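Taking it in order: structure first as structure tokens, then the write-up.
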Amino acid sequence: MEDYKDGSVSAEDIISQLSILPYQDLGFAKVDHHRAIRKGFPEVIYGSGKTPKQIYDIAASLLQASDKLLVTRASREIFKYIKNKIADAKFDSDSKTIVVNRADHEKKIKGVVVASAGTADISVASEAAITAELMGCEVKKEFDVGVAGLHRLIDRLPSLRKATVVIAVAGMDGVLPSVLGGLLQAPIIAVPTSIGYGAGREGLSPLLTMLNSCSPGVAVVNIDNGFGAGYIAAIIARQGN
């Protein structure tokens, strides 16, 4: 409407955009263009199980109405297909995400810290970090600070105590969130990962550990759900600013 007011778009353009505002039906998908208005962030594409063309068609639709795009669980093959059509798309090999960010001069919100127990948890931790960053947060990363070497975590406490919210990512025994919950005032978003040996049951053991945490202030998302944790952390950081 501001563009219409200053004459950069026509009434016909406005009508065309309003006609697909609730959602755009692509046949195989109904793209929710209204989500950015409701939630403050556009719809995110879950890449697993979709073809490269399906992902591109959804992405192209979203970018007509948004300056940001996030695709999670994407392969390098999918990225190559997208990159040929969306030149400013970027791929993060750790988190397996595709990002487009056309928001210029965005002021970053401080206070989000992502901590991972081990190096093997970095993939999920990176997904959380990239999600929060794209949602306008400045994210500090504290990786490989698990309780098997507790001195590593203690060394990082000065940084962690400045956080508004901490995402704690851990597999194996999943104890890191409980330890952080006992040391910090900030809320802890616990993310269990599927890293570990057989009895870990692909993340079920750390999930149960985190759900049974005796440290107050710890909340838990699903196994390997870095995206969900990053999204919640960004919302908390926004409210704190």
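The values are calculated or read from the model by the stated rules, or taken from the named source; none is laboratory data. These figures come from a predicted structure and were not determined experimentally. Backbone-built Cβ (ideal geometry, glycine too); neighbour counts: all protein chains shown.
If a residue has to be without any contact (Cβ under 8 Å) to a residue 24 or more places away in the chain and buried (at least 18 other Cβ atoms within 10 Å of the Cβ) to count, how many in the range 90-120 make the cut? Of the residues in that region, 1 qualify. Just wondering, is there one or more residues in the range 5-15 that are β-branched (V, I, T), exposed (fewer than 12 other Cβ atoms within 10 Å of the Cβ) and either closer than 30 Å to A233 by Cβ or not assigned by TED's automatic domain parsing to the domain that holds N225 (or both)? There is at least one residue in the range 5-15 that is β-branched (V, I, T), exposed (fewer than 12 other Cβ atoms within 10 Å of the Cβ) and either closer than 30 Å to A233 by Cβ or not assigned by TED's automatic domain parsing to the domain that holds N225 (or both). Among the residues making up the range 193-234, those that are assigned to a loop (DSSP other than H, G, I, E, B) and either surrounded by 17 or more Cβ atoms within 10 Å (Cβ to Cβ) or of a type in the set (G, A, S) (or both) are T193, S194, I195, G196, S213, S215, G217, V221, I223, D224, N225. Among the residues of the range 156-176, the one identified as of a type in the set (S, T, N, Q) and out of contact with any Asp or Glu (no Cβ under 8 Å at 6 or more places or on another chain) is T164. Selection of strands (runs of 3 or more DSSP E) fully inside the range 24-104 by the criterion of at least 2 residues being touching a strand residue (DSSP E or B) at 6+ places or on another chain (Cβ under 8 Å) and within 15 Å of F227 (Cβ to Cβ) returns 68-72, 97-101.
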